[in-house]
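A short worksheet on the structure shown next.
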Amino acid sequence: MKTTRRQAGQTLTAIALGLATLGYSSFASAQDTIKVGVLHSLSGTMAISETVLKDTVLMAIDEINAKGGVLGKKLEPVVVDPASNWPLFAEKAKQLISQDKVAVTFGCWTSVSRKSVLPVYEETNALLFYPVQYEGEELSKNVFYTGAAPNQQAIPAVEYLMSKDGGSAKRWVLLGTDYVYPRTTNKILRAFLHSKGVADADIMEEYTPFGHADYQTIIAKIKKFAGEGKKTAVVSTINGDSNVPFYKELGNQGLKATDVPVVAFSVGEEELRGVDTKPLVGHLAAWNYFQSIKNPTNDEFIKKWSAYAKAKGIAGHKDRPLTNDPMEATYIGVHMWAQAVNKAKSTDTDKVIAAMAGQTFKAPSGIVSKMDEKNHHLHKSVFIGEIKADGQFNVVWKTPGPVVADPWSDFIPENKGRLNVPESKKVAAK
Amino acid sequence: MTRHPGAALVRCAAVVLGLVLWFAGAGPAAALTQPQAFAMAAGDSDERIGALNAAVAAADPALAAYVQALLADEVKVAGGRAYIVRGEQVLDTASGAAVSLPEGAQDVINNNRMRRELGAAAAAMQLLSPDRDQRARGIAELRSQADESKLPLIDKAAAMETDAALKQQLELLRAAVGISSEDKLRRLEAATLLAGSRLPATRALLLERQAEESEAEVKAAIKASLAQVERRLLWGEWLGVLFTGISLGSILMLVALGLAITYGLMGVINMAHGELMMIGAYATYVVQNLFRQHLPGAFDLYVLAAIPVSFLAAALAGAVLERSVIRWLYGRPLETLLATWGISLILMQTVRSIFGAQNVGVENPAWLSGGLQVLPNLTLPWNRLAIIAFAALVLLGVALLISKTRLGLFVRGVTQNRRMASCVGVNTARVDTYAFALGAGIAGLAGCALSQVGNVGPDLGQGYIVDSFMVVVLGGVGQLAGTVYAGLGLGVLNKLLEGWQGAVLAKIMVLVFIVIFIQKRPQGIFALKGRSAEA
């Protein structure tokens, strides 16, 4: 079909009208509440990880509302379920922004879902808080990344395994789910390992599809690879419910952490819930928060969550409340956003972005978490934990202080000389 | 890693003390002292390991108990002393007397390296145990982690050992340590001895030494031993691939068997087949919860109870489905496809509403956890072995049912010629219902089996529906034997390709293979011959 000039004109008018409406949306919604979008998968392969983040947002909102809300208005959550379906994330994000007119969205876990919604947030100049560790290689002015960049999780973890205490690993298995986060993280790790003098022959890279359930071959391969030379360690970026069969198989085949330690970047207290952790004692996870960290802020955070889970009858958590890193990152994100809105005295995206720079919040991980002035990432301490028989983690190593994020990792050659600052005003440039 | 400078002196003293004890050698068993115990529990890993290895040579029974307590995370430290805490009971590590725990006692945290060293120490002390089994276990444990510090104990044990098999294994252990020795002759001797090993750890060790060895003579000995060890290990690897293939094949066969009846024999394209499996898996989950609540003592047996329950639950769902929807649609495959697909969505949503959208946890009972070590580099997990046996039993049951029973006779009759069967007085409508319920029940059994290896969630069936149709179509519609061959064949093929090209590509290659195969031979591996065969 040919597009006539008139049709093009009509389309343009429609877009202009649409944009105008969006621009005035902050006036239009000037009612009693400020709407907050929650965009986490509540079904499908990622539900195991994401469902609890939805509840964390709701808890933080309840907390803020109990203290009188933001700018004198209550926050009103709008929860949608993108069902682990990446294109659906973009649709639901559009719906949240243009139909529900939310002031901010908290959401996404997998990088593929974040990549799917990113154009929506940039085009409409809306705000997204992303609470999960990721691969970097992205810095949008419309997103605040409250999870870790690779240098705040992956690289310290590998450094630990190389150290004497970590077992002086010399050979590496990079194992992941087949999508952008594991692929990019492993690219960075490979470059990092090269810089430490590890040869390509000593690195094995393996990927499995989303929802993969049969890890027999992979474990057999790891065993074989480990038997071919020096001390081997496995770096797992397996995501979602595949972790349950992976760890079950690991335990059943008797691959012990003292022989071949597995360090995971997407496995926390919540993912281990359905797994018998006794055969897994000693396998590791690298995060910026563990439930087992002892400090008053964390005690209070766990207490609040337990009470909330009990009151709301959240499945699983009402009997055995667990907290984890992305929950902490979500919690910090919601509170920081509220602080920034109060500071900016507006929910306007650009004003909130300006006010976010340098925001601080007392984090349950035991530090005062600070939003970097420029790069939209939090400064974070890194912890390495070993799985205990009860499904919790023993912290065996931590960084001396918070680490500043490096989203454009220097270990990827194309990033040389790239500043960790979002390219400003993408919308205006269009 | 945090350091406690205040405790450094105590630790140094303990290390010195430990060394003194070590040099004292096999003198009278020295009792474990508090400073020693504390030095093993607190501070830098290097110093802790130093203290531990220094004390091990004495092989004191009190030390063995203490090391076990450290491994079990039962030790706490406070004020330069270590305590063993078991529930309410607090013991002094040196005297073994019950004491009260001081304020602010801290947990001792062991990382992997500490745990490995503690495990090796415990194993080394077991070498001198009077019990043969314990000694054997000690040797097995030490295989991958023997080092110079354990040598005195290994030597001592080898000298005392009377059992020939164990003595030989101890010699291998000595060789594993000796191959890193400074002395060329010892290295050479060790390299030759290690050819008798069947362990993957030995291969790793030999490969490592081969790269580092400078003496040509020793290097050649290592190379020769390595070739022998590798030849032995190769067997384990190939058997492993075969086993994983059969394991996947047994699962594929199990999920396709029900479909082979409903689609293969009755010609109903049942898109809700996967959801019937899901019902079976959820039935297992419900039975598990009932056992946990009411019969916690017999929890390990819940799987056995879940087998008939999942069969009946799915069979009932299947019968209702057939009576209410499918029987109106016989002979109209397109409508059946759409209707059953709709039903699958309804079933998924129903389960979501009842149990929630998240996966539910189905635990393996203790007897299905862990694995059977067949060869040093081949462990067969119990849950997979059980599923293979279960699949064989179900297959046998179905085959007998179809070929030997009256119902089977009717099913075959109706399949071959519905009108004729009807004429001779078979109630074909009832036979249809029974056959469909049987197919659904077998899907339920498959669900019960799947709950032991994978995740149980509302979309469990979605992942298997394509696989099961693949198996049935490949095997040949209307044939149970075809399903068996196709299931096992696809399983082994998939695992071979996966080992070669990775999981993602393997899946694609299997699909391509099936597409090509069906192009060449649309009737599948086995075609139904004779008058009943349709076009």
*Test set (1) aliphatic (A, V, I, L, M); (2) more than 28 Å from residue A:220 (Cβ to Cβ); (3) open to solvent by 50 Å² or more (accessible area, probe 1.4 Å); (4) in a helix (DSSP H, G or I) - residue B:481 fails condition number*: (3)
*Can you tell me which residues in segment A:234-249 are more than 10 Å from every other protein chain (Cβ to nearest Cβ) and either part of a loop (DSSP other than H, G, I, E, B) or under 27 Å from residue B:374 (Cα atoms) (or both)?*
A:234, A:238, A:239, A:246, A:247
*Would a scan of segment B:288-303 turn up a residue that is surrounded by 22 or more Cβ atoms within 10 Å (Cβ to Cβ), of a type in the set (Asp, Glu), touching a residue at least 60 places away in the same chain (Cβ under 8 Å) and farther than 30 Å from residue A:224 by Cα?*
no
*Unique residue being facing another protein chain (nearest Cβ under 10 Å) and open to solvent by 10 Å² or more (accessible area, probe 1.4 Å) when the list is A:200, A:214*: A:214
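For every residue, the table says whether it meets (1) away from chain A (no Cβ under 14 Å); (2) of a type in the set (Phe, Trp, Tyr); (3) out of contact with any helix residue (DSSP H, G or I) (no Cβ under 8 Å at 6 or more places or on another chain).
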{"site": "B:338", "(1), (2), (3)": "yes, no, yes"}
{"site": "B:342", "(1), (2), (3)": "yes, no, yes"}
{"site": "B:346", "(1), (2), (3)": "yes, no, yes"}
{"site": "B:353", "(1), (2), (3)": "no, no, yes"}
{"site": "B:357", "(1), (2), (3)": "no, no, no"}
{"site": "B:369", "(1), (2), (3)": "no, no, no"}
*Options A:161, A:139: the member that is open to solvent by less than 10 Å² (accessible area, probe 1.4 Å) and either more than 14 Å from every other protein chain (Cβ to nearest Cβ) or over 30 Å from residue A:334 (Cβ atoms) (or both)*: A:161
*Here are A:310, A:318: which of them is in contact with a Lys or Arg (Cβ under 6 Å, 6 or more places away or on another chain), closer than 23 Å to residue A:47 by Cβ and within 14 Å of chain B (Cβ to nearest Cβ)?*
A:318
*Within segment B:85-123, considering residues that are β-branched (Val, Ile, Thr) and within 14 Å of chain A (Cβ to nearest Cβ), the one least open to solvent (accessible area, probe 1.4 Å)*: B:108
*Kindly indicate the residue of segment A:78-103 that is open to solvent by 40 Å² or more (accessible area, probe 1.4 Å) and under 20 Å from residue A:315 (Cα atoms) and also modelled with the lowest pLDDT among those meeting that condition.*
A:81
*Looking at this structure, is residue B:239 surrounded by fewer than 24 Cβ atoms within 10 Å (Cβ to Cβ), among the aliphatic types (A, V, I, L, M) and out of contact with any helix residue (DSSP H, G or I) (no Cβ under 8 Å at 6 or more places or on another chain)?*
yes
*Name the pairs: first residue in segment B:371-388 and under 17 Å from residue B:237 (Cα atoms) and more than 10 Å from chain A (Cβ to nearest Cβ), second residue open to solvent by less than 20 Å² (accessible area, probe 1.4 Å) and small (Gly, Ala, Ser), Cβ to Cβ under 9 Å, at least 6 apart or on different chains?*
B:374/B:236; B:375/B:236; B:375/B:240
*asked:* Exactly one condition in (1) of a type in the set (Gly, Ala, Ser); (2) away from chain B (no Cβ under 14 Å); (3) buried (at least 20 other Cβ atoms within 10 Å of the Cβ) is false for residue A:391; which is it?
replied: (2)
*Among the helices (runs of 4 or more DSSP H) contained in segment B:134-213, which hold 1 or more residues that are in contact (Cβ under 8 Å) with a residue 40 or more places away in the chain and of a type outside the set (A, V, I, L, M)?*
B:151-160, B:200-212
_Yes or no: segment A:78-101 includes at least one residue that is more than 23 Å from residue A:269 (Cα to Cα) and under 15 Å from the mean Cα position of the chain (by Cα)._
no
*Run residue A:118 past the list (1) assigned to a helix (DSSP H, G or I); (2) touching a Phe, Trp or Tyr at 6+ places or on another chain (Cβ under 9 Å); (3) of a type outside the set (Phe, Trp, Tyr) and report the number of the one that doesn't hold.*
(2)
*Tell me, please, whether a residue that is open to solvent by 30 Å² or more (accessible area, probe 1.4 Å), of a type in the set (S, T, N, Q) and closer than 19 Å to residue A:115 by Cα can be found in segment A:49-69.*
no
_Every residue in segment B:352-409 that is among the polar types (S, T, N, Q), surrounded by fewer than 18 Cβ atoms within 10 Å (Cβ to Cβ) and part of a strand (DSSP E or B), please._
B:373
*Output yes when any residue across segment B:196-209 is away from every other protein chain (no Cβ under 14 Å) and either open to solvent by 40 Å² or more (accessible area, probe 1.4 Å) or under 22 Å from residue B:235 (Cα atoms) (or both), and no when none is.*
yes
*Go over the candidates A:104, A:112, A:180, A:117 one by one and state the one that is more than 26 Å from residue A:258 (Cα to Cα) and touching a Cys at 6+ places or on another chain (Cβ under 9 Å).*
A:117
*asked:* Take the residues in segment B:102-141 that are of a type in the set (A, V, I, L, M, F, W, C) and over 18 Å from residue B:65 (Cβ atoms); name whichever of them is nearest to the chain's Cα centre (by Cα).
replied: B:140
*Is it true that some residue in segment B:246-254 is over 25 Å from residue B:328 (Cα atoms), crowded, with 19+ Cβ neighbours inside 10 Å and of a type in the set (Ser, Thr, Tyr)?*
yes
*Select, from B:436, B:517, the only residue that is in contact with a helix residue (DSSP H, G or I) (Cβ under 7 Å, 6 or more places away or on another chain), of a type outside the set (S, T, N, Q) and over 30 Å from residue B:303 (Cα atoms).*
B:517
*Any residue in segment B:13-25 that is surrounded by fewer than 23 Cβ atoms within 10 Å (Cβ to Cβ) and at pLDDT 75 or above?*
no
*Starting from residues that are surrounded by fewer than 23 Cβ atoms within 10 Å (Cβ to Cβ) and more than 13 Å from every other protein chain (Cβ to nearest Cβ), keep the ones in segment B:447-472 and report whichever is nearest to the chain's Cα centre (by Cα).*
B:465
*List the number of the failed condition for residue B:317; all other conditions in (1) assigned to a helix (DSSP H, G or I); (2) open to solvent by 60 Å² or more (accessible area, probe 1.4 Å); (3) in contact (Cβ under 8 Å) with a residue 12 or more places away in the chain hold.*
(2)
*Filter segment B:255-287 down to residues that are closer than 27 Å to residue B:485 by Cβ and of a type in the set (Val, Ile, Thr) and give me whichever is most open to solvent (accessible area, probe 1.4 Å).*
B:269
_When you scan segment B:415-423, do you find a residue that is touching a residue at least 12 places away in the same chain (Cβ under 8 Å), on the phi < 0 side of the Ramachandran plot and open to solvent by less than 40 Å² (accessible area, probe 1.4 Å), even just one?_
no
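The values are calculated or read from the model by the stated rules, or taken from the named source; none is laboratory data. None of the values given here were measured: they were computed from a predicted structure. Here the Cβ is made from the backbone with ideal geometry for all residues, glycine too, and neighbour counts use every protein chain on show. Just the protein is used for accessible areas: all its heavy atoms, side chains included, with ligands, DNA and RNA removed. Shrake-Rupley method; radii C 1.70, N 1.55, O 1.52, S 1.80 Å.
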